[in-house]
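Undergrad: The structure follows.
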Amino acid sequence: MNTPTKFVLDESKMPRDWYNIMADLPVPLAPPLHPGTLQPIGPDDLAPLFPMELIMQEVSAERTVPIPEPVREVFRLWRPAPLYRAHRLEKALGTPAKIYYKYEGVSPAGSHKPNTAVPQAWYNAQAGIKRLSTETGAGQWGSSLAFAGALFGIEVTVYQVRVSYDQKPYRRALMETYGAKCLPSPSDTTNCGRAILAANPDHPGSLGIAISEAVEVAASHDDTKYALGSVLNHVLMHQTIIGQEAMLQLEMAGDDPDVIVGCTGGGSNFAGICFPFIGQQLRGGGRTKQRRIVAVEPSACPSLTRGKFAYDFGDTGHLTPLTKMHTLGSTFTPPGFHAGGLRYHGMAPLVSHLKDLGLIEATAYPQTACFEAGVLFARAEGIVPAPEANHAVKGAIVEALRCKAEGRSEVILFNLCGHGHFDMSAYANYAAGKLVDQAYDENELAMALAGLPSVPA
Ligand SMILES: *Cc1c(COP(=O)(O)O)cnc(C)c1O
């Protein structure tokens, strides 16, 4: 076989700027609103939570934002990340399609999340911040921020959703190895946590509650700020290094993607791989034929495919600004499933906006179908994907089999956003036939949607 398997960029080719899709949007994004006044918020409203540099990135309309040199220096530990041609998966599927995957599992924490954890910790350190508070579900984000905090001498406090805290001791051990403090949420360290525990001492917790706790701590301490691992504009922008690298690597391969696939929890790894390509097309560059961009989400938490495009809160305690997004309602609790990173009730405003404009598609699959795809991938390519990433693998395989049925040799690119080495109990459950596809409760969804805040048009 003469076609290469791995496309590796030299460190000198690592992108020097992040790409900001705000500059190329055909219709501007709806502004975030203050949770009390329902008026558009300004940079000052966010100042208790984030350092000014990150707030300016959040509202920036500049097409490119330079990546600070100290951040690029840390990135050199694992970036540029490799792009692979999935020769063996193609053969296993018998597809004429060419499948490429960008592998973000090579980072120290094992996913794409350090791409934003490192710059967030760096900007906070530059602003003299001593501590960062954050939430984590399965622990991917918490361990990424713990790693980044250790690099720049910032203390990190992580509120981990109680069920994950109890069920996933190894991610917690990783956070503690990096020096972070990890607390089960709801906890007795915040007003929000205490109120929930008073009503139910055995509350299993949720991402929405953990966000409320982390935000409360940041808002009430001068030396502490808050960090979020997805959803926000600046977080999505930090991830665009993925797609920019993939663009250069596909040039090396002499190919251009017809279809780009990513999994969506809050939308950041998906945005990372596809925004640079979407931007190129919005500016009329690249190619004339429209690429298809496919977001894949779990059927049990289907914000893009079943949610409403409306203003909603980002957290359960209603401390965060309201943003216009695809949402299942901030009180919606998805049934238990293994892709912890995809359990959020909302979707990034930018990804939601692109969906509303028809610039991206969305589809949902149940977890057993995704694990089946992940196991097929592992047996062909060797890498065991994170349960979240299995959704992207499933989406790519569906496209490859469509190409087979249609006899077309399209080029498929997907983001393999993390490895599953901390998630082997989920794979063991799958192998033992213990994974079931639990549907969400339609009544609960209807109630959560009925409870959306009413915002005057
Ligand atoms: C956190 C996480 C996700 C979900 O977050 P996005 O912002 O949608 O990328 C997906 N995959 C992995 C491996 C994660 O750690």
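The values are calculated or read from the model by the stated rules, or taken from the named source; none is laboratory data. Quick caveat, the model's predicted, so the values are computed rather than measured. Cβ: placed from backbone, ideal geometry, glycine included. Neighbour counts: every protein chain shown.
Undergrad: Given the residues Ala117, Ala150, Ala121, which is the only one that is under 24 Å from Arg343 (Cα atoms), hydrophobic (A, V, I, L, M, F, W, C) and either under 17 Å from the mean Cα position of the chain (by Cα) or outside the structural domain of Ala339 (by TED's automatic domain parsing) (or both)?
TA: It is Ala117.
Undergrad: Could I ask something else about it? Select from the stretch 359-372 the residues that are under 16 Å from Leu89 (Cα atoms) and buried (at least 23 other Cβ atoms within 10 Å of the Cβ) and write down the one among them that is nearest to the ligand (Cβ to nearest atom).
TA: Checking each candidate, the answer is Cys370.
Undergrad: I'd like to check something: does the stretch 93-106 contain any residue that is among the basic types (Lys, Arg), within 16 Å of the ligand (Cβ to nearest atom) and in the same structural domain as Thr320 (by TED's automatic domain parsing)?
TA: Yes, the stretch 93-106 contains a residue that is among the basic types (Lys, Arg), within 16 Å of the ligand (Cβ to nearest atom) and in the same structural domain as Thr320 (by TED's automatic domain parsing).
Undergrad: Of all residues in the stretch 13-25, which are over 24 Å from the mean Cα position of the chain (by Cα) and farther than 20 Å from Thr116 by Cα?
TA: Correct list: empty.
Undergrad: Here is a list of conditions, (1) part of a loop (DSSP other than H, G, I, E, B); (2) surrounded by fewer than 16 Cβ atoms within 10 Å (Cβ to Cβ), and Gly205 meets all of them except one; can you say which number that is?
TA: All conditions are met except number (2).
Undergrad: List the strands (runs of 3 or more DSSP E) inside the stretch 233-315, counting only whole elements, that have at least 3 residues being within 16 Å of the ligand (Cβ to nearest atom).
TA: In the stretch 233-315, 259-263, 292-298 are the strands (runs of 3 or more DSSP E) which contain 3 or more residues that are within 16 Å of the ligand (Cβ to nearest atom).
Undergrad: When the stretch 118-153 is examined, which residues are found to be part of a strand (DSSP E or B) and either of a type in the set (S, T, N, Q) or surrounded by fewer than 24 Cβ atoms within 10 Å (Cβ to Cβ) (or both)?
TA: The answer is Arg131, Ser133, Thr134, Thr136.
Undergrad: Select from the stretch 1-60 the residues that are under 21 Å from Gln281 (Cα atoms), touching a helix residue (DSSP H, G or I) at 6+ places or on another chain (Cβ under 6 Å) and assigned to a helix (DSSP H, G or I) and list them in ascending order.
TA: Ile21, Asp24
Undergrad: Considering only residues of the stretch 118-141 that are away from the ligand (no atom under 16 Å from the Cβ) and in contact with a Lys or Arg (Cβ under 9 Å, 6 or more places away or on another chain), which is farthest from Tyr344 (Cα to Cα)?
TA: Step by step, filter the stretch 118-141, then rank; the result is Ala127.
Undergrad: Which one is nearest to Gly451 (Cα to Cα) among residues in the stretch 320-342 that are within 15 Å of the ligand (Cβ to nearest atom) and assigned to a strand (DSSP E or B)?
TA: Thr327
Undergrad: Now a separate question. Take the residues of the stretch 155-164 that are crowded, with 24+ Cβ neighbours inside 10 Å and not polar (S, T, N, Q): which is farthest from Gly128 (Cα to Cα)?
TA: Filtering the stretch 155-164 for residues that are crowded, with 24+ Cβ neighbours inside 10 Å and not polar (S, T, N, Q), the one farthest from Gly128 (Cα to Cα) comes out as Val161.
Undergrad: Do we find a residue being more than 16 Å from the ligand (Cβ to nearest atom) and of a type in the set (Phe, Trp, Tyr) anywhere in the stretch 175-197?
TA: Scanning the stretch 175-197, I find no residue that is more than 16 Å from the ligand (Cβ to nearest atom) and of a type in the set (Phe, Trp, Tyr), so the answer is no.
Residues checked against (1) over 29 Å from Phe371 (Cα atoms); (2) surrounded by 23 or more Cβ atoms within 10 Å (Cβ to Cβ); (3) under 17 Å from the mean Cα position of the chain (by Cα):
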position	(1), (2), (3)
Cys274	no, yes, yes
Gln280	yes, no, no
Pro302	no, no, yes
Leu319	yes, no, no
Thr331	no, no, no
Ala339	no, yes, yes
Leu342	no, yes, yes
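Undergrad: Looking only at the stretch 378-431, how many residues end up being within 14 Å of the ligand (Cβ to nearest atom) and in a helix (DSSP H, G or I)?
TA: 8
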